[in-house]
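Reviewing the structure listed below.
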Amino acid sequence: MHGDLRWAAELAGAAAAAFQAAGVVPDPDDAAEQQILCNRLARDLGDAFNTLYTAGGRLELTQILDEVRE
């Protein structure tokens with residue numbers, strides 16, 4: 001995996017929270033890819049993954065956009 005793993009874990013949490021808030025279930029193929037990503041992130045980040053994933057679920061869209069713009 002390339003890039004910032006901690007940020008990826010937060011974004012994964014944000015995506016899951018967005019689906020849940022919208023009452024939408026991801027397409028099964030997309031859900032499988034998301035699970036593979038989360039498994040890899042959990043393996044690489046260890047215990048920090050759950051904390052980051054949960055924190056990502058609390059991010060506001062404006063916070064995500066601000067981070068991307070930096």
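The values are calculated or read from the model by the stated rules, or taken from the named source; none is laboratory data. All figures in this text were calculated on a predicted structure; none of them were measured in a lab. As a convention, Cβ positions derive from the backbone with ideal geometry for all residues, glycine included, and neighbour counts pool all protein chains shown. Heavy atoms of the whole protein, side chains included, go into the accessibility calculation; ligands, DNA and RNA do not. Shrake-Rupley method; radii C 1.70, N 1.55, O 1.52, S 1.80 Å.
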Take the solvent-accessible surface of the protein heavy atoms, probe 1.4 Å, and return the percent of it on the chain that carbon and sulfur atoms account for.
53 percent
What length, rounded to one decimal in nm, is gained on full extension from Glu33 through to Asp4, with 0.36 nm per residue of separation minus their alpha-carbon distance?
8.6 nm
Let me understand the chain better: what is its radius of gyration from the alpha carbons, and its Dmax, in angstrom?
12.0, 33
Can you tell me the relative contact order of the chain? Whole percent, Cα pairs under 8 Å, sequence separation 6 or more.
52 percent
Per residue, accessible area of the chain with a 1.4 Å probe, heavy atoms of protein chains only, in Å², comes to 73 Å²
From largest accessible area down, sort Phe49, Phe19; use a 1.4 Å probe on the protein chains.
Phe19, Phe49
Add -39500 (n - 2.57) for each DSSP H run of 4 or more in the chain, then divide by its residues: what number comes out at 222 nm, to the nearest 500 deg cm²/dmol?
-25000 deg cm²/dmol
In order over the stretch 51-62: 3J(HN,Hα) from phi, Karplus 6.51/-1.76/1.60, θ = phi - 60°, whole Hz, x for each Gly or Pro, gives 5, 5, 4, 5, 4, x, x, 9, 5, 8, 4, 4
Would you work out which of Asn50, Thr62, Gln35 lies farthest towards the positive end of the dipole of the stretch 28-70, given +1 charges on the beta-carbon of Lys and Arg and -1 on that of Asp and Glu, about the Cα centre?
Asn50
Can you work out the FRET efficiency for the pair Arg69 and Asp47, with r the C-beta to C-beta distance and R0 = 22 Å, to the nearest 0.05?
0.15
